[in-house]
1. Could you tell me which numbered condition W194 fails, if it satisfies all but one of (1) in a loop (DSSP other than H, G, I, E, B); (2) over 30 Å from the mean Cα position of the chain (by Cα)?
Amino acid sequence: MAEKNKETKKITIGLVVGWIFGVYLLINGISLLFSYKIFFAILQVLGGILIIPPTNNFFNKKYNFHISNGLKVLIFLLVILIIPFVVSYYKIFVLEDYSTSDLSYGNSDASSQTNKYFSGYGQEATESFYLQRGLARFKIKHSGSGHFSVWLMDSKGNNIDLLVNEIGSFDGSKAARVPQSGYYLLDVDADSSWSVTVS
């Protein structure tokens, strides 16, 4: 009689564990579908289906396979903790390290953006230089008395930004928004010596 009660208690615990873990995974998995985390949503829904008692009974009758309480706990921990941790670790550390190393070693042009210095006399176009998308700063000087203008142009000759358009000497800075990473040049119109530092 005592053995029978013990067996009944064991079955009751298994049912409770199965329903709690299974329903939790199913609800959580369905909610993740609305946040577009499809991989984790499918993972949790499948885990919930495996754990709930009706599925356990099906496997037991059809294939004579019983999912024990320990296996239910293991499936729950795998779906909730271990697999998300491994995926997050891979995304944060492995992929980030790869992209960083690719930027550092595979794209030498990115480092060539800073501290480019150009100087000349009169009207002139500078050699092309690399700029990354975002803001670039131009420190500009002109010592003449006539018209002075500096256009930032892309590699196709399109005007991007008029950095300076003044009469006489000039000493100042201008920030310009670079629409996309690539090669640019400066088109300078001056009557005397000038210089531009790009950073």
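1. (1) is the only condition that W194 fails.
Conditions (1) basic (K, R); (2) exposed (fewer than 13 other Cβ atoms within 10 Å of the Cβ), marked per residue:
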| site | (1), (2) |
| --- | --- |
| K116 | yes, no |
| G120 | no, no |
| I140 | no, no |
| S149 | no, no |
| G157 | no, yes |
| L186 | no, no |
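Computed from the coordinates by the stated procedures, all read-outs in this text should not be read as laboratory data. From a predicted model like this one, the values you see are computed outputs, not experimental measurements. Cβ sites come from the backbone with ideal geometry, for glycine too, and all protein chains shown count toward neighbours.
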